[in-house]
Amino acid sequence: MPEESISKALGKDPKTVRKYLEAEDFSETPPATNTHPSILDPYKATILEWIREDQKRWSKQRHTAKRIYDRLTDELGYTGSYDTVQKYVKTIRIKAEEKGTQELVWDPGYAQVDFGEADFIEDTEPVRRKYLVLSFPYSNDSFMQLFGGETAECVCQGLRDIFAFIGGVPPVLIFDNATGVGKRVCDKIKETELFSRFRAHYGFRARFCNPHAGYEKGNVESKVGFNRRNLFVPPREYHDIIVFNKGLLLEHRKKAEELHYKKRVPIKELFENDRKAFIPLPSKAFEVISYDWFKADGYGNVCIDGKHYYSTKPEYHGQKVLVGKRAHFVDILNPDGSLLVRHKRMYGDIRTDVIDYATTLAVLSRNAGAWQNSGLRKELPDPLREYLDGLEKHQLKEQLRLMNELKKDYGYEAAVDAMTRALNNGCIHSSDARILAERITGYGINTPPDPGPSLSVYDDAFLKEAKGGDAV
């Protein structure tokens, strides 16, 4: 059919008809997008540069659309509307949020480390605690430990106990921006001395995520949220955090029975491949403790972490005291390195005062006049406190001196228990208290003594003869 006839029949322009008659390829092509010049076009590169620089800054101190508009107007002479700037900035940020992340492939044995936070019931008190998660992206298995904070001592203690439980050491550990184990300075990580020693002891390599690159440890971040929702709702109760952590290591078993979400193989079977890549455990476990000197105040207390005070001895006031910081405890040491007292380590932003009144015994035994207002007095059992309250000053000194001697030989709790049990007819004899303390710390106060050898042969030899009437 001629071109003109087709044009008349279809009511189309002859040029359009000619284009289709001459075409050789009728494959669909992407629709063309009509773009119109914008007054903002000369400034778009500058806006992008400002927004990229913002990624290096604190999230609360970045450009808003209004601030960008003001700078364009004041510094670059932009004459367009604020609405145009706002729409463009919004489009850029939506695209940035929708940017895909690369799916990483993980070899067996590699592990990721991160902290989560959840509420618990410690004895009867509601508390917020941190939990360390070590996850294995290859198998999707994970292990947890609970702590009061995110210090280097917490990280190392948690990893040490998990390593012992799983029977080996992952060759590479990926951390979130050095949390707890170091400090990022520009592009370099300065590890804490404790973590450097710990890493050398166990022989693994540490890798730290790049800023704003959470996908590099996406597996552990997923585990942090999963465990909070599935294992800590409602809030779990515990009395002894160390005992609780031993049980927490077993929590992975239920999840390990499931199939891997992608590989469709039981997680526990895949974890065996992780295990094959482990570094063997060293012959001796690492002692997770950091030593430092702290100056005691006028009461003999030292301040750690800026807000938590722990008692030493009143005699140490104004002196430097050697302190060993652990994940769960704070050790106060004597000048010879021996342990003076161990306190529970406190965490959080509120000031705490942890006092062990047993350390004041030596001072009280010399200054019995301070007895009525001492913390030790309030801590003693009622019978023992009432007995000591009724003594003359010189008698009180003797009893406090006895308690101090028993504490040195048998420990504070045994000394108090022994003196309470030794109360008889309104007085305490030192010999009775010492024997009781020996029994308490020995085979136990309620354990009957060993029967010893049988004396029946002597009974037969001597008692029967006496009963027969052959008296001498």
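The values are calculated or read from the model by the stated rules, or taken from the named source; none is laboratory data. Predicted model only: the values in this text are computed from it and were never measured. Quick reminder, even Gly has a Cβ in these numbers, built from the backbone with ideal geometry, and neighbours come from all protein chains shown. Heavy atoms of the whole protein, side chains included, go into the accessibility calculation; ligands, DNA and RNA do not. Shrake-Rupley method; radii C 1.70, N 1.55, O 1.52, S 1.80 Å.
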(message) List the aspartates and glutamates whose Cα sits under 16 Å from the Cα of K12, skipping any in the same chain fewer than 8 residues away.
(response) E3, E4, E22
(request) Express in whole angstrom the spacing between the alpha-carbon centres of segment 292-314 and segment 220-274. (result) 39
(request) Take the alpha carbon gyration tensor of segment 186-303, find the square roots of its eigenvalues, order them as a ≥ b ≥ c, and report rounded if a/c is under 1.5; if not, report prolate when a/b exceeds b/c, else oblate. (result) prolate
(request) Might you report the magnitude of the Cβ-based charge dipole of segment 230-270 about its Cα centre, with Lys and Arg at +1 and Asp and Glu at -1, to the nearest 20 debye? (result) 300
(request) Using Cα pairs closer than 8 Å and at least 6 residues apart in sequence, work out the relative contact order for segment 323-467, in percent. (result) 13
(message) Can you tell me what percent of all Cα-Cα pairs in the chain are more than 34 Å apart?
(response) 62
(request) Can you find, among I267, G247, F278, the residue farthest towards the positive end of the dipole of segment 243-303? Put +1 on the C-beta of Lys and Arg, -1 on that of Asp and Glu. (result) I267
(message) Can you give the local net charge around G369? Use residues other than it whose beta-carbon is closer than 14 angstrom to its beta-carbon, Lys and Arg +1, Asp and Glu -1.
(response) +2
(request) Please label the shape of segment 346-449 as rounded, prolate or oblate, based on the square roots a ≥ b ≥ c of the eigenvalues of the alpha-carbon gyration tensor (a/c under 1.5 means rounded; beyond that, a/b larger than b/c means prolate, else oblate). (result) oblate
(message) What is the percent carbon and sulfur in the accessible area of the chain, measuring with a 1.4 Å probe over the protein chains and ignoring ligands?
(response) 51
(message) Modelling each spin label as a point 7 Å along the Cα-to-Cβ direction, I'd like the L10/D409 distance in nm, to one decimal.
(response) 11.5
(message) Can you give me the angle between helix 393-410 and the longest principal axis of the chain, using Cα atoms only, in degrees from 0 to 90, rounded to the nearest 10?
(response) 60
(message) Quick check: the angle from helix 412-422's long axis to the longest principal axis of the chain, C-alpha only, nearest 10 degrees?
(response) 40
(request) For an R0 of 51 angstrom, estimate the FRET efficiency from the Cβ-Cβ distance between C303 and L455 and round to the nearest 0.05. (result) 0.20
(request) Calculate the dipole size of the chain relative to its Cα centre from +1 charges on Lys and Arg beta carbons and -1 charges on Asp and Glu beta carbons; express the result in debye to the nearest 20. (result) 1260
(message) So for each of 352-359, 47-54 I average, over its residues, the number of other beta carbons within 10 Å; can you give me the resulting order with the highest mean first?
(response) 352-359, 47-54
(request) Take the alpha carbon gyration tensor of segment 106-195, find the square roots of its eigenvalues, order them as a ≥ b ≥ c, and report rounded if a/c is under 1.5; if not, report prolate when a/b exceeds b/c, else oblate. (result) oblate
(request) Only helical DSSP H runs with n ≥ 4 go in: add -39500 (n - 2.57) per run for the chain, normalise by residue count and round the 222 nm mean residue ellipticity to 500 deg cm²/dmol. (result) -11500 deg cm²/dmol
(message) Tell me the angle of helix 218-231 to the major Cα principal axis of the chain, expressed in degrees between 0 and 90 and rounded to the nearest ten.
(response) 50
(message) For Cα pairs less than 8 Å apart in space and 6+ apart in sequence, what is the mean separation divided by the residue count of the chain, i.e. the relative contact order in percent?
(response) 10
(message) Give me the dipole magnitude in Debye, nearest 20, for segment 222-374 about the Cα centre, with unit charges on the beta carbon: positive for Lys and Arg, negative for Asp and Glu.
(response) 800
(request) Can you find, among M403, V416, A370, the residue farthest towards the positive end of the dipole of segment 285-435? Put +1 on the C-beta of Lys and Arg, -1 on that of Asp and Glu. (result) A370
(request) Under 12 Å from the Cβ of N301, count the other residues' Cβ atoms, weight Lys and Arg +1, Asp and Glu -1, and hand me the total. (result) 0
(request) Please go through segment 262-367 and write out the GluC sites (Glu not before Pro) that DSSP classes as loop and that have at most 15 other C-beta atoms within 10 Å. (result) E287
